[in-house]
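Take a look at the structure set out below.
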Amino acid sequence: MSEFVPFKWSHIVDLPSDWSSTLRNSQTEALADTWNEQQDELRERGSYKFFLEKLKRQWSIETGVIEGAYAISEGATRTLIEKGLDAALISHGETSEDPISVVSKIQDHHRAIEGLYDFVSGNRDLTLFYIKELHSVLMNNQRTYLGRDQFGNMQPRELPIGVWKSLPNDVEHPDGGRFEFCPPEHVQSEMESLLMMHNQHIADGVPADVQAAWLHHRFAVIHPFTDGNGRVARCLATLVLLKAHWLPLVITRTDRSDYIAALRAADAGDLKCLVDFIGTLQRKAIREAISLGEQATEEAQAFESILSAVTQKFSQRRRADQELRNQARSIADSLFQSANTSIASKAGAIATAIKAENRLFNAYLTSGENESNKGKYYYKQIVEAARHYQYFANLNVYHAWSSLVIVTNRRAEILVSIHGIGGAESGVFGCTAMFFTKDTEDEQTQISDYEPLGPEPFEFSYTENGSDVQRRFTRWLDSVILKGLQKWQATI
């Protein structure tokens, strides 16, 4: 039987000619545009600088974890992210090898991402020399790799750093299959083609997430180094994002299965999954960064610092383009009405079905519009959902909600909230959905089975077209309501 080759190497190919219509993600681009308008002000805040340092440390740790270069517990990871990359902060039982060795490798990764920021600030062009330099920095404290000897056994071998591979480094699968990377004799010409196409993408104005996905994947299928190619690929993707003034691409161990699935889809010719994966992580990071505006105020200790922050806020509000802000609120009002219409329709169908079982059972819509007394309800649940997704829900900017209430032997609710994200002038709005049940005992209401619905919130900004937002929202709303109904079904 011949050996199965799940991926057979061929010369790298450019983006498809229709990339603008098939690969772009308007949601990511709109949020990134809003972020670019505000980040200069945020960069001056101590809370943002601390946030960025933590992001770099997380990137430095996780890029080795998902590559299998070492293992480190989640507790030790949190400690190093919060307090600094110091081996003395963690114990031997928290890492796969001596903590000093693990942290030395992590520090190499940290030097690499710091170098990416220096590279961007120097406005340099990406070159083959710089890619080799990146590999040397990343692998400085990993001088061996596992290679197969003449008898087929895996043995440690000396790792050449900063030079192209001299031997094939295909991956063999347990089922006998083989994933073929670029042969050593073609590496130089393929890498030259990679940079030529990349430079053309820059000239053509290809969005950063599309550029990053393409560069990451095509570099990975070339696999020009003996080992460490995944770490270099994530560096190159991050470099593209930083050049566009976005945030680093932080892929954690919990993201690994989605990350690998997106890469395998790209191997099969579908780059969209990897573009969307990068966009999802980027939107999450931007939401956290935008939320720092409020956190900075909360963290301020001195009276003078608080006064300065308040004065700055008033100044921002006066300078803001109120027409655009009103447009965003108008879109939010439209989404609120759409949510009411959709939920009311589903409530009617559910009520008909469950009343056949018991005439006292019912399902109905209840809602609270923005700037109404009722609109202020459900504060705790909405704030809790925002915390789950790691951002600040600004209910002072906008606060409206729609709820599908289902009453059988107990009361269940699917709540959809529309609210501001981050500081008062961010111009970014978010929508979350959550499921919970209510029971009344001794005149006290108990909430249980609480669960946010969906992998991430829905968000939009004042820079987007209202019709485009409406179409995206309808798809998102149908999805989260379905998840809520499945959860309700399980509680009956």
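Nothing in this text is a laboratory measurement; each read-out follows from the coordinates by a stated rule. Not measured: the values here are computed from a predicted model. Cβ: placed from backbone, ideal geometry, glycine included. Neighbour counts: every protein chain shown.
Tabulated data for the structure shown
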{"read-out": "Nearby lysines by direct alpha-carbon distance to LYS83 (threshold 20 angstrom, same-chain neighbours under 8 apart not counted)", "value": "LYS49, LYS54, LYS56, LYS105"}
{"read-out": "Residue-averaged 222 nm ellipticity for the chain, from DSSP H runs of 4+ at -39500 (n - 2.57), nearest 500", "value": "-18000 deg cm²/dmol"}
{"read-out": "Within the range 19-289: Cβ-based charge dipole about Cα centre, in debye rounded to nearest 20 (Lys, Arg +1; Asp, Glu -1)", "value": "320"}
{"read-out": "If the convex hull is drawn through the Cα atoms of the range 57-155, its volume per residue in Å³", "value": "115"}
{"read-out": "Among (i) -0.53, -1.13; (ii) -0.65, -1.23; (iii) -0.59, -1.16, the entry that matches log10 I(q)/I(0) by the Debye sum over Cα atoms at q = 0.08, 0.12 Å⁻¹ as calculated here", "value": "(iii)"}
{"read-out": "The chain, dipole about Cα centre (Lys/Arg Cβ +1, Asp/Glu Cβ -1), debye to the nearest 20", "value": "820"}
{"read-out": "Pairs of lysine residues in the range 322-491 - Cα separation under 15 Å, sequence separation of 8 or more or cross-chain", "value": "4"}
{"read-out": "Cβ-based charge dipole, the chain, positive-most Cα from GLN390, ALA261, SER60", "value": "GLN390"}
{"read-out": "ASN362-LYS83 FRET efficiency (beta carbon distance; Förster radius 41 Å; 0.05 resolution)", "value": "0.15"}
{"read-out": "Nearest-0.05 FRET efficiency for MET196 and LYS8, computed from C-beta distance (R0 22 Å)", "value": "0.40"}
{"read-out": "Dipole of the chain, positive direction: furthest Cα of ALA213, LEU485, SER136, with charges on the beta-carbon", "value": "LEU485"}
{"read-out": "Three-way shape label, the range 19-289, alpha-carbon gyration tensor, a/c 1.5", "value": "oblate"}
{"read-out": "The range 190-284 shape via C-alpha gyration tensor axes, a/c threshold 1.5", "value": "rounded"}
{"read-out": "Local electrostatic count, ARG472, Cβ distance below 14 Å [Lys/Arg +1, Asp/Glu -1]", "value": "-3"}
{"read-out": "Extension reserve of the GLN390-SER467 stretch, reckoned as 0.36 nm per residue once the Cα distance is removed", "value": "25.0 nm"}
{"read-out": "Order by protection proxy (mean Cβ within 10 Å, highest first), peptides 329-336, 261-268", "value": "329-336, 261-268"}
{"read-out": "Alpha-carbon Debye profile of the range 316-438, log10 I(q)/I(0) at 0.10 Å⁻¹", "value": "-0.35"}
{"read-out": "The chain: DSSP helices with Cα axial extent of at least 20 Å and average Kyte-Doolittle hydropathy no lower than 1.6", "value": "none"}
{"read-out": "Charge dipole (debye, nearest 20) of the range 322-491; +1 at Cβ of Lys and Arg, -1 at Cβ of Asp and Glu", "value": "380"}
{"read-out": "Farthest positive-ward along the chain dipole, Cα basis, beta-carbon charges - from ALA237, SER417, THR127", "value": "SER417"}
